[in-house]
Structures are given as structure tokens and as C-alpha cells.
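Scroll down for the structure; my scribbles are underneath it.
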Amino acid sequence: MKITNYGFFGALSSKKRFSIIKALMKEELSVKEICTKLRCEQTNVSHQLKILQNYGIVFSKRAGKKKIYSINEELRPIIRQAQRFVRKNCINKA
């Protein structure tokens, strides 16, 4: 898969994926924990996580039988800055 700027930002543009990112900004979570927090089905969350992983936005590690997901630490300050920008400058706040 060729990664492009458009594809990367497209991965961030989904409301569901951004909800997952916001949850992972607070703590590392398993798919089940994400499902519980966001009240979503596991298949949908797993699909969204796969997209985020493909673009290097989230990483996973094994913890026994579970996969634990975390945000890419390089992106953490960028996401925080983007959230501040939106809160400050956008009429329709996310």
C-alpha cells in the first residue's frame, strides 16, 4: 500500500477513527475496552484500528491473548496542537 498525505489525513478524517484516537490519547486499550468506551461493535473497531495501523497512527502489542493499542508517540503533540487549533478557530467545534 502506497501511503500518501491524502491517505494519512483521510485516515484521521473519520469521526469513528478520531474517537478511537482520542480514547488512545488517554491510555492504552484493547479492542474490547475501546468497544466499551465508544459503545461500538468489535468488528467495526477492529476495522478502524487496522486502517489507523496501516498509516502508523496507532501501534499494537501483545499482552497474553489480547492486543493492546496505543497512539504513535510522534503524533501525540501534533494531535494535541490540532485539537487546540480547532477549539480556538473553528465555529463548529469537534
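Each reported figure results from applying straightforward, stated rules to the coordinates on display, with no laboratory input. It should be emphasised that the depicted structure is a prediction, and the values quoted were computed from it without experimental measurement. With ideal geometry, Cβ positions are generated from the backbone for all residues, glycine too; neighbour counts draw on all protein chains shown.
Give the residue list of GluC sites (Glu not before Pro) in the stretch 14-79 that are DSSP loop and have at most 16 other beta-carbon atoms within 10 angstrom.
GLU27, GLU28, GLU41, GLU73, GLU74
Given Cβ point charges of +1 (Lys, Arg) and -1 (Asp, Glu) and nothing else, what value in debye, to the nearest 20, does the dipole of the stretch 5-89 about its Cα centre take?
The calculation lands at about 220 debye.
Could you tell me which residue out of ASN54, PHE18, LEU38 lies farthest along the dipole of the stretch 11-79 toward its positive end? Charges go on the beta carbon: Lys and Arg +1, Asp and Glu -1, centred on the Cα centre.
Going by the Cα projections, it comes out as LEU38.
Please list 3J(HN,Hα) in residue order for the stretch 73-89, calculated via the Karplus relation 6.51 cos²θ - 1.76 cosθ + 1.60 where θ = phi - 60°; whole Hz, with x for glycine and proline.
4, 5, 8, 3, x, 5, 5, 4, 5, 5, 5, 4, 4, 4, 4, 7, 10
If the cut-off is a Cα-Cα distance under 14 Å, which aspartates and glutamates reach LYS26, setting aside same-chain residues fewer than 8 apart in sequence?
Answer for LYS26, where 14 Å is the Cα cut-off: GLU73, listed by chain and number.
What spacing in nm lies between the two simple spin-label points modelled at ASN5 and PHE85, each 7 Å away from Cα in the Cβ direction?
Roughly 1.2 nm, to one decimal.
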